[in-house]
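Below is one structure, written out as structure tokens; comments come after it.
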């Protein structure tokens, strides 16, 4: 699936949520995600290389964790992410397969996340990254066949502007936590 993803560093979480509430939108319950990020040993930023993410997600303490493997590839010139997600039964076996394929782990990221469905194929997230002082909001919009990535990105940016947020954060959460990766 192709997506346009725009992330903003929020000026003030409470003000941001109040603006959304005034529009009749509320974030859902807080849940926890933990990502281990892997890249090919020859990884170079901007080279179109894939990242593999092993994700653990807990939406409620009385339910078992969900595990998934996510393949992400950022296409620099079109500002599009190609994302494929697969549910994983055995986290340990999947992580071992990733290492045997020649990927190396470069980061671990834990976050508390809330979400709002903004329409068909569009999600907004409110993220608090462990080890980072600020809150971030991210909008992920599905790019359908025939859609213009640039036009969809402009629409997402206008949504953030209408919420008085203009501090775009193009870095991945791994880069925010650990600095530039390769």
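Here is how the numbers come out for the structure above:
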item: Residue ID - surrounded by the fewest Cβ atoms within 10 Å (Cβ to Cβ), chosen from residues in segment 128-147 that are within 13 Å of residue 13 (Cβ to Cβ) and within 15 Å of the chain's Cα centre (by Cα); result: 128
item: When residues of segment 26-57 are limited to those that are loosely packed, with under 14 Cβ neighbours inside 10 Å and either in contact with a strand residue (DSSP E or B) (Cβ under 8 Å, 6 or more places away or on another chain) or at pLDDT 95 or above (or both), the one farthest from residue 137 (Cα to Cα); result: 41
item: First in segment 115-128 and on the phi > 0 side of the Ramachandran plot, second anywhere and assigned to a strand (DSSP E or B) and crowded, with 18+ Cβ neighbours inside 10 Å, Cβ under 9 Å, 6 or more apart; result: 119/141; 121/3; 121/140; 121/141
item: Hits in segment 91-146 (condition: in a loop (DSSP other than H, G, I, E, B) and either within 16 Å of residue 177 (Cα to Cα) or at pLDDT 95 or above (or both)); result: 130, 131, 132, 133, 134
item: Residue in segment 149-180 that is surrounded by the most Cβ atoms within 10 Å (Cβ to Cβ), counting only those that are in a loop (DSSP other than H, G, I, E, B), more than 16 Å from the chain's Cα centre (by Cα) and at pLDDT 90 or above; result: 165
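The values are calculated or read from the model by the stated rules, or taken from the named source; none is laboratory data. From a predicted model like this one, the values you see are computed outputs, not experimental measurements. For neighbour counting, all protein chains shown are included, and Cβ atoms are generated from backbone atoms with ideal geometry for every residue, glycine included.
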